Every structure is written in structure tokens, then in C-alpha cells.
Amino acid sequence: MSDKQNFSEKDKPAASPQRGRGPMGGGHMGMMKAEKAKNFKGTMRRLLSYLAEYKLTLFFVLIFAIASTIFMIIGPKTLGKATTALFEGVMAKIAGTGTVDFLYIGKIILFVLIIYAGSSLFSFIMGWIMARVSADITYRFRRDVSLKINEIPFNYYDNTTHGETLSRITNDIDTINQTLSQSLTQIITSIVSIVGVLIMMFSIDWRMTLIALAILPLSMVLVTFIVKKSQKYFKQQQEFLGHINGHVEEMFSGHMVMKAFNGEQKSIDTFEESNKTLFSSAWKSQFLSGMMMPLMRFVGNLGYVAVVIMGGWLVIKRIITIGEVQAFIQYVNNFTQPITQIANISNVLQRTAAAAERVFEFLDVEGEIAETKTPVKLDSVEGFVEFKNVHFGYNPNEPIINNFSAKAKPGQKIAIVGPTGAGKTTMVKLLMRFYDVNSGAIMVDGHNIQEFTRADLRRNFGMVLQDTWLYNGTIRDNISYGNPDASEEEIIKAAEAAHADHFIRTLPEGYDMVLNEETSNISQGQRQLLTIARAILADPKLLILDEATSSVDTRTEILIQKAMDNLMSSRTSFVIAHRLSTIKNADLILVMNEGDIVEQGTHVELLKKDGFYADLYNSQFETVAS
Amino acid sequence: MLKLFKYLKPYTFSILVCTALLFLQANMDLTLPDYMSRIVNTGVQQNGIDSAVPVAIRQTEMKNLELFFGDKEKQEILDAYTLLEPGTGDAVPLELVYPALKNEALYILSEGAETDAFEIVFSRAFSAVAGITQMASGTGKSSGGPGMPDLSMIPEGSDFFSILSTMPEEQRSQILAMISSKVGQIDEIILTQGALRLVNAEYQAIGMDTGKMQSRYIINMGAMMLLFTLISILANIIAGLLASRSAAGMAQTVRSDIFNKVEHFSGEEFDKFSTASLITRTTNDVTQVQLVIFMMLRMVIYAPILGVGGVIRALGKAPSMAWIIGLAVLALLGLITIVFIIATPKFKSIQRLIDRLNLVTRENLSGLMVVRAFNRQKFEEKRFDKANKDLTGVNLYVTRVMVIMMPAMMLIMNLLSVAIIWVGAHQVAESSMQVGDMMAFLQYAMQIVMSFLMLSMIFIFLPRAAVSGTRISEVLETEPTISDPENPEDLPSKVRGRIEFKDVSFTYPGAEENALSGINFIAEPGKTTAIIGSTGSGKSTILNLIPRFYDITGGVILLDGQDIRKIRQKDLRSQIGYVPQKVTLFSGTIESNLKYADENASEETLRQSAEIAQAMEFISSKPEGLNTPIAQGGQNISGGQKQRLSIARALVKKAPVYIFDDSFSALDFKTDAALRKAMKEKTGDSTLIIVAQRVSTIMKAEQIIVLDEGGIVGKGTHGELLKSCEAYSEIAYSQLSMEELS
């Protein structure tokens, strides 16, 4: 994940503004730039369809949410009655005409206790259920994405980085999870709160309610103003933070080069430049977003004071009671909170829609071309391979392989040579059907490879690539990756054939040693040997291997070559060749340049031809022979 | 973390002002409930009358009160008032305010008179007079007034006060003393409240507009509240301004200091911290600290002020209820602690499980070909599902802990307010408190609880920032191991480029064994010295010692006979054209990258260097030529092209010494050969030191050094070494066939 993503993660708005009349000195209001989904409605509808199967559960959640909120709203007004009773009792006592009715007050208090407890209980049940629902849905989303990963054709990944796909599984699905577990119930409770509080306020006094409502437009204007202003600086801040991070990343990872070319001062100058700009946008954005809370509180206090004045006057006029004023003050406080929440929710929904859209986009990627309905089943493959007028391009509009034909008999060795970046692995990808040819056909034992199921076809190929992919498991598990049912004996035999047995036994736990996450607790060369053992154990009739063994020490390199020679014997093999000995002994050499196969033939034939291959060969022979 | 506070020093003044402002703000915020309670107590309950000392009183009434004044007090009180007779010049203009002045004499309180001392005197007197009047007028027939003497012997309907004045002195003072002592036993609050009602009655008797006085009182108080709110917000905004500027300013300085520091780090420090970690320390960690400093400047300062202020004021209102707040705070802290104890380990494991999920996914993605080649999709899905289930489970657990916490907190807060009302109600009934005070107390309680919650919030953020702070300090406290000598030697204006290693040894910091030992060789100008050996034999290490990326631990390296440690790093490095193993290009254009070696290089030099590096061909094929943009890390061009640009860049320097660290392996044989040929021709006089993997690359070198396990095992030409050096021939035979070697 990039650092930028980390930042946005941390700057998410604090999910729940504090309740009540809290002085919120340093409220760091989130000022995320609202990401916009391309198709908000459609995405939301589809997201809701995921919720459809929890209809009944959600119905209960709704009931609990409403009940909890209503109970919470009844509280202040009821409690206000106790205050009123007390106030009147005291007044009567001073006037000498009565006393405080504690029985009545006690009853009210008991009732309020019960509804508060009930409200908390319901809110708890609601959260409990909702946590399960959102966990379920999150789990399903992740599972669906993971299943999809293995269904999507390779060309999708040509244009998408792994980071992007990873980010869908973690960040995007996480966003959805948060919305489901928090914001969804928040929408319900906020709406119920607003409506409920309004009703309670009107039931106390319409004049005071109007005053309280008059505050709203003011706060709206203030909020939009601040959000607009601070968003500008927030964006700037993110941008300059990006610049700084980019520069730091670039300079630190190129530290030696920077030093070698005496670039310290230049680099520091660039940094200070960005750092200065960052400072000015950073404090402004922090200041403005930090101003949100106090301003909202100011508006709230305006309402508070207005209500107290108005309420006091109304009490004198005996229109309302003192307890109602007390309740009203609490309602005014409770009123602004759900409104801020609702205002924030549109942002949350936008962000959720954007996240969900990315997840759906991934889930909607078309899978590989469907398998044939009538697959060919071969008991044993001989190893004939034929390319018949193959045309191919990663992008159909840009064909790179044009009308290629060639034949390989069982046991033959086909070398693929060419300069770096000539597209040597393309042949591998076509043979394994990671990509399908545009036209023409590749035949194995006389059958078009598209007539096999992919699994059957690939079962017949062994593959050893330069990229030594192993996973975070034991060495044994890694060797038996291609043949999970292999016996211990077979595994050891394969390791022996791959010249890996010896080094495995010198490792701390031998075959049971767990490779670490970067599989860096064994060397590159040892990794290569393990991939060879893995291919040997799978015992394929056809073999694809990449000889490149750069950054492997010489002794291991010799072992690897011996292991590869073991592997190649009696198998039809396609070798991305780097060794002259392999090339010279090959039954067929395919010479590639810029994606296409430019020449084919044996070493002798190709030299005679005096073309690209001869050129390539001579250029190094010249130095070698001196 | 603490060490970083010194960065706040330049902002001491700002922070002090900020603290003062927050103090002001807290005080203003805490004043609001007090004013609300005044509105309730005085404005509503006492009709807006806040003093038992009346501003106006009828002469007749004053006479009655006088009976209960002490002699000294009596004189002082009468001095504070002016007696106005009806119809006199002074009285007429005041008739509008005091209608009774038309008919009778009134005492009017002089403006600015000091009345505080009279409060209790008037309260007692009013109560005494009222008690007597009440009983005497028959409403108190039962004679059950609050501790009044039995006055039933007084004939019905007669004026007690006129009787009293006619009584003999001794009897009169006895009765008065008895009444006074009874009144003295009455609780002061109820005494005052009663007196205020009587004052109100007196005002009404005078005919003053008491309704208007009441509204005016409420509006005045309201206006004060508005004023305080305004001051509070202004204080808050300015405090916010200062806090954000201080935090951002501090972050700027810290960031700049780290960056400067790191730019002067040698390879050793980079190995110690790792590049990725240094990047996070300079970026994320600083941002983290900035955020927390900002929060600290506001919350950590504000919360205790508010909390302590709240406690003081709450105690002022009702010390007897303090235990309720204490209990609530304890309950909340207990709840938070329990939740943290339960949730913290789970939070940690969540991070672990997310990492696991990421790992499994990343493995699946990076191994797409292998997974599909071996048909192990199902296996990968199972692995993912396990990670997914684990994560979902713990996530659900943590969410549910939080689900318990929120309603529980609400419940505690609600219980707190209910408890205050219940206990408060009793105290109000017992007259030890007023209703408005109880309401204010409720709000203080909430403010105190809030300040505790705020503080506990900080404790969530603090540990994370502390980690960041420590990581930053670590960098700042690290001194680069390689620095310029105090009295550096100058290099001659023309450097030949002869490099000599004299018995050089080198140990990586913390390593037990030498990475290099006993290295002796001379690289002559105009000649190529090649270094070959298996991985880990120390080839690159030798190269890194020449530009002093690391300093040798033994022996000496000489450039034209001068110890390289006695020269300025800058001077040394300007003599060396370096091509690293891992190609590093910077974002910009091809031209800006080439010019990185020499800003003043001419276009001609650039082209020539690119030509030698075999890069001109692909540069010309780009529509924008030398101005072709290069993305960060050079991602928009191929590996071979990057390598060629990297070589060209070094050549632009026209240095006397060139070092190539395995720089040819990304090139195909053909380019490799052409490049070496061109180099030989154009860089004729320079010293060339090359590390290589391919024997074919170095076969022609004048001197080949074979390394094995940090030591030199062979030195000579290709032909010599084939015969004499086993390690060399082993490498050579593994790469080349017999005939090629011949």
C-alpha cells in the first residue's frame, strides 16, 4: 500500500461526534474530499440487494433503533416534570402553602430510570445484531473478491497493479463495513431523533421551537462555509504532503546515487520549498477544520441562551413550566448532533458508494473464456506440440506474434532466445492458456489446447520461472504444491533430483521449516531449487523453464543447471535459454525480438542464415573469442 | 516523544497565550450554567429581585424594620437612603417610577451605596416583620409560624407595631430579642428567599412595574450569557489558530531536521534503519506527531482546566453532591479501562490478521501463474477463507465490545443526571439548595465527565504518537558515522584517478566477521580493473568503499596517493562516476537525469555520453528526445533503457574514476559489447573499476580480481587466471563452453 492511502485512512472523520453539551476543544473534524461514485444510485441499489437477505433482521434492528431513540427522547421531558414538581413544591413551601411531593418525583425518576435503561438495552441489541450483519456481509464481499481473483483472465492484471486489487479487499471493503456497522443505524437513529425531538419541542412550546429552528440555517451556512474553505486547504495539504512524500521516497531510495553525485543541497532545497508550502496549507486546514466544533458550539449556545431567555419569560407568564425549559435545553443540545450527523452522512454514503463501486467493478470483470463443454480427456500425453498459424497480441489491436508455426516432438528441447524485453514469456503464457491466441491454434498431441479443460491442460505442464514464487508455508508444503497427495518418499525423491535435499536438511527444521512472509529466510538460489523440485514432483510431460539465474552464486548456479538438466530429460521442454550450451543443443530455437518470433531453426541453420540470431550470437562471440 | 518537545520552544509564547485563552474559554463556558441558574433562581423564582435591600421602601414600612436593626446598623442604613416627602421638588420627577410617592414618603436607596453588609440585616428584619404581621393579622392564628413567639395575647385587629412602640423599653427589647433570635435560627437561604418575596410585595405596594423588572433581569442575564459565549468562541478560535500554527510549525522544523539529517547519513545508517523505515519516519510519523501536538495544545490543556473549574464550581453549588460526580467518573473510567483491557489485545491481533489477509492475497496475486499452472485455485481460496474467517471473527468481537461501551456510557451519564435530580430534589426541599443551582450542578457534572472523556481520548492517541515520536528521535539522535575531517586536504586541480587499496578490511556494523579483509590492489588510470566472485563475496562492498558510502575499518584507500578520508566527501565524490547495481533515476526528464551529474553540462556532452552508453538510439526514437519525461523510479522505460541512462549519467561527469557495480547484467550481450567498446575508446584516461557477473563482460580487462568470502583469491588477466585460479575457472566454465573459452 502506498503512503497516500495510509494518510487517507487516518484522516477519516471521527465517526461519532460526542454527545451532549461537551466542550469539544480540539474536535478534529474529518474533511475528506468527497470521492464520487460514477453511478451512485445503481451502486447503492446493488449494495442494498446484499442486505436484502437480512430483511427480517434489519426490520428488528429498525424497531430497536426507533425504540431506543424514542425512549431516549422521552427522558428529558419526563425528567423535566420532576424538576417542575420540585420547583412548585419549593415555591409552595416558601409561600407556606405546601411541600415537595417526593412520592410523585420518585415515581418519575423511577420511570426515567427504566426508559433510560431500556434505551441503552435496545441500542445495545441493535448494535449487537448490526455488528453480525455487517461482519457477515464484509466476509462475503471479501470471499467473493478472493474467488474472483482466480477467475479473472491475465490481461486484466496487465493493467491493474496488485496494490489496487489489494486495496479493494482491505480499504474498500473496510469502508463498506464501517458504513454498514455504524452509519446505517446512525441514519435511522438520526432521523428518528430529529423527528422525535421536533415533536417533543413543539409539544412544549411552538415559540421556543421556532427560535431553536431559526438557529439551523445559521449553522448550515457556517458549516458549508467552513467545509468549503477548509476543503480547499485540505486538498492543498494532501497535495503538498504527496509532493514531500514523493520527494522523500525518491531521495531516500536513491540515497547512494544522490550522494555519489553530490546532490545533498539540491535535494534539501527542493524539500524545504515543499515543506514551507506544506506548513502554510497544513495549519490553515487544521485551523479551519478545528474551527468547526467551536463555531457549531457557538451557534448551539446562541440557541441555548435564546431558549433560556424565552423560556424564563414563558415560565413567568405561566405558559410553560421550569422543568419544560430544562427539557427544552436538552432537546436543543440533542438536536444539533443528529443534524451534523446527517450532514456528514451524505459524505459517508458518497465514499461508501465509491468504495462499493470499485468492489463491484472488480466482481464484474469478465472471467476467462468459458471452458469447452466437451473436453478431451487423455490418459497419457505423448508430448507433441504444434503451433499452427498463431496470431497473438496482448491488445487485439496490436498483434505482436504474426502467423507463427512450429512443431515439437516428444522429448525435444525448444530454446527461446532474444534480448531483454523481447517477450520471451509470451510463449509460456500461450502454451499454458493464461492467454488465448487471437487466431490459429496450439495443438497438444493433435488436439487444440482449447479443447481441454484448463485444469487438464495445465496438469501436463511443469513450469519453472525466474520469478520463484513460493508461499508462506513449510518447505514440504511448497514442494508438494503441484501434487498435494504426494508421499513423503516422493517429496524427498523430488528434492534429491532437484539437488535441494542436501540444503533442506541443513535448515533448522528441515522439510518442516516454514518460509517467512517474504520467503527471504532461504536464498534466491535455494528458492529456485525448490521450484524445480516442485515441478519434478508434479511430473509433467511438458516442461517450461526459464534458465535465468542471475544473482545466484556460482556453486548454486551449477546445482540449478544440473537440476534443470535432470528435469528436462525425456520431456518436451520449452526453455527460455541463457546458456550457450542449452541453445546449441536445442532441437529448435525460437528467436524473439520486440514481442514477435523473428527467426526459428537450429543453431547451425540460424548462423547460416546470418540474420538477427547470428548478429546476437556473434556480438558476444566476438568478445569471448578474443 | 518528550525529546521532541524542545521543538515547541520557539512557540512557547504562542502556547502560553493559547493556555491563557483556553483558561478564559473554560471560565466563560463554566459561567454559563451559573447564569442559567440565576435566571431560574432569581429571574423566575424571585421575580428578578436579587437583593433583600430594597431600592425603595415606604417610610412606614422602614419604621417597622428599624425595630430589628441594631443601633449602629440603623444609622448606616438610614444614611444610605434618602427620604423623599411627597410633592417636594426631588420627588415629583420620580413619581412615574414610584407611584406611591404621590401620597406618602419613601426612602430611596442612594445610587452606588454599599449594600452587601445590609443583605442579612434586611433579610432578618423583613422576616421578623412579616412573621409578626402574619400572626397578628390572624392568618397565623394557629401561631405556628416558623418559631415565632406566641403573640396571642395581643388583641385581634390591633396593630402590633403601634402596641410595641408603646411598650415599656425593657419589655419591648425583650420581645424583640426573642423574635430576633428565633429568626436567627432560620436557614439563611430560606430567609433570603422569603425576604425577596417581601421586597417584591413592597415594590408592588409602591406600585412599581415588577413584571418589567423581572423581564429586564432575565434579558440582562441572557445578554451576559451571549457575551460570555462570544468571548469563549473568540478565545477558542484564537487558541486554535495559535495551536495549529505551533503544531504545523513544529512539524515543519522536525521534518526539515530529519530530512537534513538523513541526507547526510552514510550507508551504515541506512542499513541500520532501512530505507522504508526512514521514509515513514520523515513522513507519516511527523504527521502523526503534528496531529497529537495540535490535540494536546487544545484538549490536554483545556480538559483539566474545564474539569477542575467544573469541580470547583460544582462544589460551590453543592458540595454535598460531589460524591455523585466522583462515582460517575469512577464508573466511566472503570468502563473505559475494562473495555481497553479487553479490546487492546484484540486490536493488536486485528492488525496481525489484516496483515495475514493481505499476505495471502498478495501471494495469490503474485503467484497467479503458478497457482493456475498447478491448478491450486481451491487451495488458495481455502487459505484466504481461513484468514477471512479469523479476521471477521475478531472484528466482530471488537465491534461488539464497542457496541457494549456506547450504550453503557450513555446509561452512566443518564444515571448521573437522574441521581443529581433525585438527591438534589431532597436538598432543594430541605432548602439547602435552589432549583437553579441544581440545574447548574447537572451541567457542571456533564462538563466534568466530558473533560474526563476528553482526557481518556488523548490516551488513545498518545501511545501511537509516542511511538512515532521515539522513532523520530532515534533518527535525530543518530550522528552520521562518516563526516568530513576538520582540516580537509585539497585535491590537486588535475586528478589522475589512481585508486589504491592498501590492506583494506571492512566489517559491517554489528557483524562478527569481516566482510572484506586484506584487500590490496591498484587500479591504474586508463586501465580496467574487474572484480568477479560469487554472491556475498564482497564485490559491491569494495565499490561502496571508494566513494565513502561506508568507511573502511582497517587499512587505507588512496586516491592519487591521498587518503580518501582526509578529503572532503564532496571533493572525493566529484571525482567519481558511479553506476549503481540497482538503477535509480529521478523523476523529471531524461535531460534532468543526465544533468544530475553536472548541471552545467552542454547538450553536446549529454548526447555524447548517451551515445557511449548506447542510449542515444532509444532516446532519439522518443518523440520528445532528451525531454522525454521520466516517472518516479523510471517506471515508464524498460530496465535496459534505465541501465543505459544510468551509465550515461555517470559519463556526463567526465570523471577520472568510474565505478560500475554490476551495471551490465540488464543489458543483452550485444549492447553490453557495444557499450564496452565505446567506453574503451572515449574514456581512455579514466580509471575503470567494474563489478560483473558475466565472465564475457570482463574477459578483456587489464586486471581481474577474483573475490571469495571477502578475500582476494586471484589477481591477473583472464588467461592467467584460467590457469592459476580455481575459483575463476569454475565460474568461467559454468558460463561458457570450452570452445568459447579457448
Largest first, please: the extent of the C-alpha atoms of the range B:507-649 along each principal axis, to the nearest Å. 52, 30, 26
Can you give me the Cα centroid spacing of the range A:259-294 and the range A:393-446 in angstrom? 52 Å
For the range B:525-665, the accessible surface attributable to carbon and sulfur atoms (probe 1.4 angstrom, ligands and nucleic acids excluded) amounts in percent to 44 percent
Taking every DSSP beta bridge that has both residues in chain A, what percent is antiparallel when rounded to the nearest 5? 55 percent
On complex formation of A with B, accessible surface lost, both sides summed, probe 1.4 Å, nearest 100 Å², amounts to 14900 Å²
Can you pull the percent of the range A:403-499's accessible area that's carbon plus sulfur, 1.4 Å probe, other chains left in place? 45 percent
Let me have the 222 nm mean residue ellipticity of chain A computed from DSSP H runs of 4+ only, each contributing -39500 (n - 2.57), with the sum over all residues rounded to the nearest 500. -21000 deg cm²/dmol
Other residues with Cβ under 15 Å from the Cβ of A:Ala214 give, with Lys and Arg +1 and Asp and Glu -1, a net charge of 0
The answer for the per residue Cα convex hull volume of the range B:246-334, in Å³, is 116 Å³
With all protein chains present, the range A:21-363 has a carbon and sulfur share of its accessible area (1.4 Å probe) in percent of 65 percent
Average partner chain C-beta neighbours within 10 Å, per residue of B:434-447? 3
Grab the beta carbon distance between A:Leu103 and B:Ile189, set R0 = 22 Å, and tell me the FRET efficiency rounded to 0.05. 0.35
At the level of C-alpha centres, the distance separating the range B:558-603 and the range A:453-498, in angstrom, is 47 Å
Evaluate the charge dipole of the range A:104-189 about its Cα centre and quote only its size in Debye, nearest 20, assuming +1 on the Cβ of each Lys and Arg and -1 on the Cβ of each Asp and Glu. 460 debye
For peptides B:252-264, A:380-392, sequence by mean Cβ density within 10 Å, most packed first: B:252-264, A:380-392
What is the magnitude of the charge dipole of the protein assembly as shown about its Cα centre, with +1 placed on the Cβ of each Lys and Arg, -1 on the Cβ of each Asp and Glu, and no other charges, expressed in debye to the nearest 20? 2240 debye
Measure of compaction for the protein assembly as shown (Cα Rg per 2.2 N^0.38 Å): 1.29
Based on the mean of other Cβ atoms within 10 Å per residue, sort peptides B:38-51, A:565-578, B:692-705 so the most packed one is first. B:38-51, B:692-705, A:565-578
Taking only C-alpha pairs under 8 Å that are 6+ residues apart, what is the relative contact order of the range B:571-691 in percent? 38 percent
Can you give the extra length, in nm with one decimal, that the chain gains between B:Lys272 and B:Asp484 once fully stretched, where that is 0.36 nm per residue apart less the Cα-Cα distance? 74.2 nm
What angle do you read, to the nearest 10 degrees and between 0 and 90, between the alpha-carbon axis of helix B:639-652 and the longest principal axis of chain B? 80 degrees
With both bridge residues required to lie in the protein assembly as shown, what share of the DSSP beta bridges run antiparallel, to the nearest 5%? 55 percent
Explain nothing, just the number: relative contact order of chain B, from Cα pairs under 8 Å at least 6 residues apart, as a whole percent. 13 percent
Minimum 20 Å² accessible area buried by the other protein chains, the range B:33-74 residues, probe 1.4 Å, relative to alone: B:Met36, B:Ile39, B:Val40, B:Val44, B:Gln45
Note the angle between two axes, namely the Cα long axis of helix A:40-51 and the longest principal axis of the Cα atoms of chain A, as a number of degrees from 0 to 90, rounded to the nearest 10. 90 degrees
In Å, the Kirkwood estimate of hydrodynamic radius for chain A over Cα pairs equals 31.2 Å
Threshold 30 Å² - residues in the range A:154-168 whose accessible area is reduced by that much or more when the chain is no longer isolated, probe 1.4 Å: A:Phe154, A:His162, A:Leu166
antiparallel share of DSSP beta bridges within chain B, to nearest 5, in %, is 60 percent
Taking Rh as the Kirkwood radius computed over C-alpha pairs, what is the Stokes-Einstein D of the range A:431-472 at 25 °C in a medium of viscosity 0.890 mPa s, expressed in µm² per second? 207 µm²/s
Highest mean first, how do B:715-728, B:338-351 rank when packing is the count of other Cβ atoms within 10 Å averaged over residues? B:715-728, B:338-351
Evaluate peptide A:430-440: per residue, the Cβ atoms of other protein chains within 10 Å of its Cβ; return the mean as an integer. 1
Averaged over the residues of B:356-368, the number of partner chain Cβ atoms within 10 Å of each residue's own Cβ comes to 6
How tilted is helix B:322-366 with respect to the longest principal axis of chain B? Cα atoms for both, answer in degrees (0 to 90, nearest 10). 20 degrees
Using a simple spin-label model with points 7 Å from Cα along the Cα→Cβ vector, what separation in nm is obtained for A:Thr224 and B:Leu462? 4.2 nm
When the helices in chain B are scored as -39500 (n - 2.57) per DSSP H run of 4 or longer and the sum is shared across all residues, what 222 nm value do you end up with, to the nearest 500 deg cm²/dmol? -19500 deg cm²/dmol
With Rg from the Cα atoms and Rh as the Kirkwood inverse mean 1/r over Cα pairs, chain B has an Rg/Rh of 1.30
Per residue, how many Å² of accessible area does the protein assembly as shown show with a 1.4 Å probe? 42 Å²
Under the definition of Cα pairs under 8 Å and six or more residues apart, what whole-number percent is the relative contact order of the range A:21-363? 37 percent
Farthest positive-ward along the range A:21-363 dipole, Cα basis, beta-carbon charges - from A:Leu79, A:Ser230, A:Ala92: A:Ala92
Which percent of Cα pairs goes in each bin when the distances of the range A:21-363 are cut into 20 angstrom slices starting at zero? 22, 44, 25, 8, 1
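The values are calculated or read from the model by the stated rules, or taken from the named source; none is laboratory data. Worth saying up front: this structure is predicted, and the values here are computed from it rather than measured. Every residue, glycine as well, gets a Cβ built from its backbone with ideal geometry; the counts of neighbours run over all protein chains shown. For accessibility, only protein heavy atoms count, side chains too; no ligands or nucleic acids. Shrake-Rupley method; radii C 1.70, N 1.55, O 1.52, S 1.80 Å.
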